[in-house]
Amino acid sequence: MNQKAFLEVFVAISCVIITLSPAHSAAEPAPVVVCYPGGPINDSEANNGMAAMLRVLEHLGQWPDQTFSSFFTSNADECRNLLSTKKPAFAITSLGLFLEERPEHNLLPIVQPQMRGTTTETYRLIVKKGKFQNLDQLKGKLVGGTVFEEPDFIKRIVFRNHLDPANYFQLKPSRQAIRALRALDKDELDAVLLNGQQFSALGSLQLGSPLEAIFTSEAIPLMGLVANEKSSTAAERSRFANALSSMCSDPEGKKLCDLFGVESFKPTTITVFSPMISLWNQGK
Amino acid sequence: MLQGCTRISTQNVALSNLSDCPKESETELLSHPLQYNATTPTHRLECVLNFLRNTSDKTLIASSLASQVALHLAERTQERPRQEALAMEGVGFAEKAIASGGANDGGVHYYLAANLGLAVRDHVTQAAENLSRLEKEMQLALKLNPDIDSGGPLRLLGTLYFKAPPWPTGIGDGDKALDLLKKAVEQHPEHPLNHLFYAQALLEVDEQTSQARTQLAKGLEKLASGQWGYNKTPWQHEFAELAKELGE
């Protein structure tokens, strides 16, 4: 399961952003910003769903009802704008946006999802079996997938700055992985880059030809909840982490966790993400 | 406690002013089921619904009429809890119809799916739990009676594939959505929602803005020229939202 699937959980469960900064009065709901770059979700529909699901976390964290209000976007630029204008103390973003926005917003990872027994995932470049043997042979070829909404993330983290996908391949981004895989099956694409969740579900598809991975990334930590270290306290971060950690044990929360394959949420630290931060900075 | 996570009410909604309802006839209801539609006055539908709640006529029970009437009442109800309750009642009627010998009636499956979708729309977990059932019922409707409600099964199944979470999380599938919705507009160009939903799919699945605008225009033309009764105003809002998204 990948970070985007994890973000889907938070779209559904309206993971919460608390801000106790002076910018927000006691009576004004704290803004909840959830960024799901490239996700196949209509923003207004996602926001409607999030508004209902915010109550799950309020209940778990023993916050008063209507403590939070939600702001959802599947657009990376809009996410950057929301982080700047709403100034949330906590947020849910992709790993790419976390790495990019970390310095400006003092972002600190608080919680990660665990999926299929792990808090990491790998990306794989998939081709028709036997058609290509290595990345060199894919230079200039047509490559699809849903993960190219954040090209810097793919370049710096997935490919560890060894190649720039935008220049190395002819990219054909898609909002649905199944369409990219059908295109691969029909030879309309030469390869598809899949995240961990997509790769693990390949067996459920009935495609005409067998596929294989000719590139597998290193393990990449799943992204979860982040905090603005300067506008949140350790106590607030702990309260939020505890509330989320109990999400999958709650009867209603569990249904949502099960929907997206999240087994649990685990507290985390910046140390887990340090290698990613180094890679990101090397790519500047 | 948790809005959106509470269960939908399964109690029948109270109907009012039933004392002046005309005497209904099973034969009449069965012979002209299509007369109960979006143009039928609300009170008339409520009279029919009340009759159908209490009928013991096996043929009526096995038909899609009660589920159909419940859907029409639900769709024009603004108050969400009442709307959900009516829709769930429509689901119940359809389930009873299937159990009473109506399993081969495409209309029964169509109205079951339409009511179920309306009932769970705002309940995230229940919507997710019912995705497979919605798909199955609509597929049955498509197989048994593809033309009901001007291509309703094509329209609703296509929209389900368009709106549902995509693989690998869910059954969402842009290719299937576009294929079904294209058939809907080709086979039933008279229905404005066929054009609207196809336009939405063209825009969001394939980013085909020009084609989406074309479908939007065709749909608006059909909306303006047809008799859509209580549906006209809400459909106008839906068209307006897409037009705004397209920058019209």
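Can you spot a residue in the stretch B:8-15 that is on the phi < 0 side of the Ramachandran plot, without any contact (Cβ under 8 Å) to a residue 40 or more places away in the chain, in the same structural domain as B:E129 (by TED's automatic domain parsing) and not in a loop (DSSP other than H, G, I, E, B)?
no
Would the stretch A:202-218 turn up any residue that is among the aliphatic types (A, V, I, L, M), out of contact with any strand residue (DSSP E or B) (no Cβ under 8 Å at 6 or more places or on another chain) and outside the structural domain of A:E58 (by TED's automatic domain parsing)?
Checked the stretch A:202-218: at least one residue is among the aliphatic types (A, V, I, L, M), out of contact with any strand residue (DSSP E or B) (no Cβ under 8 Å at 6 or more places or on another chain) and outside the structural domain of A:E58 (by TED's automatic domain parsing).
Kindly check whether there is at least one residue in the stretch B:98-114 that is part of a helix (DSSP H, G or I) and more than 20 Å from B:L30 (Cβ to Cβ).
yes
Take the residues in the stretch B:200-231 that are farther than 26 Å from B:Q35 by Cα and acidic (D, E), then tell me which one is surrounded by the fewest Cβ atoms within 10 Å (Cβ to Cβ).
My answer is B:E207.
Go through the stretch B:118-129 and give me each residue that's within 14 Å of another protein chain (Cβ to nearest Cβ) and either part of a helix (DSSP H, G or I) or buried (at least 24 other Cβ atoms within 10 Å of the Cβ) (or both).
Residues satisfying the conditions are B:V120, B:V124, B:T125, B:Q126, B:A127, B:A128, B:E129.
Residue by residue through the stretch B:148-171, note down the ones that are within 12 Å of another protein chain (Cβ to nearest Cβ) and under 19 Å from the mean Cα position of the chain (by Cα).
B:Y161, B:F162, B:K163, B:A164, listed by residue number.
Each row is one residue, and each column tells you yes or no for (1) of a type outside the set (A, V, I, L, M); (2) modelled with pLDDT under 95; (3) crowded, with 24+ Cβ neighbours inside 10 Å; (4) under 17 Å from B:L49 (Cα atoms).
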{"site": "B:V91", "(1), (2), (3), (4)": "no, no, yes, yes"}
{"site": "B:A103", "(1), (2), (3), (4)": "no, no, no, no"}
{"site": "B:V108", "(1), (2), (3), (4)": "no, no, yes, yes"}
{"site": "B:G152", "(1), (2), (3), (4)": "yes, no, yes, no"}
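Among the residues that make up the stretch A:256-278, is at least one of them surrounded by 14 or more Cβ atoms within 10 Å (Cβ to Cβ), touching a Gly at 6+ places or on another chain (Cβ under 8 Å), within 14 Å of chain B (Cβ to nearest Cβ) and in contact (Cβ under 8 Å) with a residue 24 or more places away in the chain?
No, there is no match, as no residue in the stretch A:256-278 is surrounded by 14 or more Cβ atoms within 10 Å (Cβ to Cβ), touching a Gly at 6+ places or on another chain (Cβ under 8 Å), within 14 Å of chain B (Cβ to nearest Cβ) and in contact (Cβ under 8 Å) with a residue 24 or more places away in the chain.
Specify the residue that is nearest to A:Y123 (Cα to Cα); the eligible residues are those in the stretch A:196-219 that are in a loop (DSSP other than H, G, I, E, B) and either within 14 Å of another protein chain (Cβ to nearest Cβ) or under 23 Å from the mean Cα position of the chain (by Cα) (or both).
A:S217
If you check every pair at least six apart or on different chains, which have Cβ atoms under 9 Å apart with a residue in the stretch B:105-125 that is over 12 Å from B:P153 (Cβ atoms) and without any contact (Cβ under 8 Å) to a residue 40 or more places away in the chain first and a residue that is of a type in the set (D, E, K, R) and surrounded by 21 or more Cβ atoms within 10 Å (Cβ to Cβ) second?
Taking only residues 6 or more apart or on different chains, the pairs are B:L116/B:E137; B:R121/B:E84.
Every residue, every condition in (1) crowded, with 21+ Cβ neighbours inside 10 Å; (2) outside the structural domain of A:E212 (by TED's automatic domain parsing), yes or no:
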| site | (1), (2) |
| --- | --- |
| A:F68 | yes, yes |
| A:T73 | yes, yes |
| A:K86 | no, yes |
| A:L95 | yes, yes |
| A:D136 | no, no |
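Cβ-Cβ below 7 Å, separation at least six or inter-chain, first residue in the stretch B:126-150 and within 21 Å of B:V185 (Cβ to Cβ), second surrounded by fewer than 19 Cβ atoms within 10 Å (Cβ to Cβ) and of a type in the set (F, W, Y): which pairs?
none
B:K136: within 21 Å of A:A180 (Cβ to Cβ) and of a type in the set (K, R), yes or no?
no
Looking at the structure I just gave you, is A:N161 in contact (Cβ under 8 Å) with a residue 40 or more places away in the chain and in contact with a Phe, Trp or Tyr (Cβ under 7 Å, 6 or more places away or on another chain)?
no
When residues of the stretch B:130-147 are filtered for being in a helix (DSSP H, G or I), more than 14 Å from chain A (Cβ to nearest Cβ) and either over 11 Å from the mean Cα position of the chain (by Cα) or polar (S, T, N, Q) (or both), how many remain?
11
Scan the stretch A:119-126 and give yes if some residue there is under 21 Å from the mean Cα position of the chain (by Cα), within 14 Å of chain B (Cβ to nearest Cβ), in contact (Cβ under 8 Å) with a residue 60 or more places away in the chain and under 30 Å from A:F240 (Cα atoms), otherwise no.
Taking every residue of the stretch A:119-126 in turn, at least one turns out to be under 21 Å from the mean Cα position of the chain (by Cα), within 14 Å of chain B (Cβ to nearest Cβ), in contact (Cβ under 8 Å) with a residue 60 or more places away in the chain and under 30 Å from A:F240 (Cα atoms).
Taking B:E186 as the residue in question, decide whether it is more than 25 Å from B:Q139 (Cβ to Cβ) and either of a type outside the set (S, T, Y) or surrounded by fewer than 22 Cβ atoms within 10 Å (Cβ to Cβ) (or both).
no
Give me a count of the residues in the stretch A:139-154 that are surrounded by fewer than 22 Cβ atoms within 10 Å (Cβ to Cβ), in contact (Cβ under 8 Å) with a residue 60 or more places away in the chain and not aromatic (F, W, Y).
Qualifying residue count, the stretch A:139-154: 3.
Quick check, is A:A177 closer than 30 Å to A:L256 by Cβ, buried (at least 16 other Cβ atoms within 10 Å of the Cβ), within 14 Å of chain B (Cβ to nearest Cβ) and not hydroxyl-bearing (S, T, Y)?
So A:A177 passes the test.
The values are calculated or read from the model by the stated rules, or taken from the named source; none is laboratory data. Quick caveat: nothing in here was measured; it's all calculated off a predicted structure. All Cβ positions, glycine included, derive from the backbone under ideal geometry; neighbour counts span all protein chains shown.
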